[in-house]
Amino acid sequence: MLLAIDVGNTHTVFALYNDTLDGVWRMATDCHRTEDEYAAQLLLLMQQAGINAANINGAILSSVVPDTIFPLRQLCSKYFNTQALVVGKDALKLDMRVIIDTPSELGADRLVNAVAAWHSHKQALIVIDFGTATTFDVVNAQGDYIGGVIAPGVNVSLEALQKAAAKLHGIVIRQPEKVIGTCTTSAMQSGIYHGYMGLIEGILSGIKREYGHNMKVVATGGLADLFARDSTVIDEVDSNLTMRGLQLIYQQNSASAQIRRA
């Protein structure tokens, strides 16, 4: 059984694979959490789901928060008796070339998403990840990662707006019934929703204009469903894209790493 861990700036996701996806759990990302604190929560969640932690014999980790890597590696070693592969730190084999100015700068989550999307579609594509940042990652028809776009995330933009304007309050992000808001809440919802729809459509249009129009667009992340629902430019939503990418990378590397339960 494989334990896959994806650490984002806001949430940390744990997934278990035993041929199929057996469980997914989310925690708030906290760079001060120790391996024992991770274990106390994760083992309880696994027990509640009827999963035997003793069956875990492999682990892989992707993190955009460097301070979380050591305690999570310790978690895997101490509680699951396995050494975690770390995307972006360990020398891993990938079925993808990274053709950008500084490959080491590419976020591990973005690389993992690109690997998973290419494996599923085998064509030129764009991956949109609605996370703390909204990222657009481009894979060419040969399966090479060739670059992307980073924009402020939806929630980050909303928080900045609230901090800068004293009279603006928190809102639920959703599609408003009309573009013209008739109160502060609906006006803000319209600005966030339609503003981001414009950002998505504009960036995708620019990428396709530079590369070519025959590109599949795959979206993932917490708000992917909201923006894909009425979008004509997003082809597919894949909520498990990152975790499946981690599973694929582990499968490509587990034999050579000789990761085995003692």
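Cβ-Cβ distance below 6 Å, separation of 6 or more or different chains: which pairs start in the stretch 45-73 with a residue that is in contact (Cβ under 8 Å) with a residue 24 or more places away in the chain and end on one that is of a type in the set (D, E, K, R) and surrounded by 13 or more Cβ atoms within 10 Å (Cβ to Cβ)?
The qualifying pairs are S62/D6; S62/D109; V64/D109; P71/E35.
For the stretch 152-181, which positions are within 30 Å of V115 (Cα to Cα) and assigned to a helix (DSSP H, G or I)?
Within the stretch 152-181, V154, N155, V156, S157 qualify.
Which of the residues spanning the stretch 18-47 are part of a strand (DSSP E or B) and within 22 Å of D129 (Cα to Cα)? Before you say what the answer is, go through the steps one by one.
Going residue by residue through the stretch 18-47, those that are part of a strand (DSSP E or B) are 18, 20-28.
Scanning the stretch 18-47 gives L21, G23, V24, W25, R26, M27, A28.
Given the conditions (1) surrounded by fewer than 16 Cβ atoms within 10 Å (Cβ to Cβ); (2) within 21 Å of the chain's Cα centre (by Cα); (3) of a type outside the set (K, R); (4) not in a helix (DSSP H, G or I), which single one is not true for G50?
Status for G50: all satisfied but (2).
Within the stretch 77-92, is even one residue outside the structural domain of M27 (by TED's automatic domain parsing), more than 15 Å from the chain's Cα centre (by Cα), among the hydrophobic types (A, V, I, L, M, F, W, C) and not in a strand (DSSP E or B)?
yes
Filter the stretch 192-232 down to residues that are in contact with a His (Cβ under 9 Å, 6 or more places away or on another chain) and either closer than 13 Å to V139 by Cα or surrounded by 20 or more Cβ atoms within 10 Å (Cβ to Cβ) (or both), then give me how many there are. I'd like the intermediate steps shown before the answer.
Step one: filter the stretch 192-232 for residues in contact with a His (Cβ under 9 Å, 6 or more places away or on another chain), giving 216, 218, 222.
Remaining after also requiring either closer than 13 Å to V139 by Cα or surrounded by 20 or more Cβ atoms within 10 Å (Cβ to Cβ) (or both): 216, 218.
Residues in the stretch 192-232 being in contact with a His (Cβ under 9 Å, 6 or more places away or on another chain) and either closer than 13 Å to V139 by Cα or surrounded by 20 or more Cβ atoms within 10 Å (Cβ to Cβ) (or both): 2 in total.
Give V127, V112, V149, V138 a once-over and let me know the one that is assigned to a helix (DSSP H, G or I) and either in contact (Cβ under 8 Å) with a residue 12 or more places away in the chain or of a type in the set (V, I, T) (or both). Please lay out each step first, then the result.
Numbers: V127 fails: assigned to a helix (DSSP H, G or I); V149 fails: assigned to a helix (DSSP H, G or I); V138 fails: assigned to a helix (DSSP H, G or I).
That would be V112, the only listed residue that is assigned to a helix (DSSP H, G or I) and either in contact (Cβ under 8 Å) with a residue 12 or more places away in the chain or of a type in the set (V, I, T) (or both).
If only one of T82, T135, T68 is in contact with a strand residue (DSSP E or B) (Cβ under 8 Å, 6 or more places away or on another chain) and closer than 18 Å to I234 by Cα, which one is it?
Details: T82 fails: closer than 18 Å to I234 by Cα; T68 fails: closer than 18 Å to I234 by Cα.
Checking each option against the conditions leaves just T135.
The values are calculated or read from the model by the stated rules, or taken from the named source; none is laboratory data. Note that this is a predicted model, so its numbers are computed, not measured. Neighbour counts run over all protein chains shown; Cβ positions are idealised from the backbone, glycine included.
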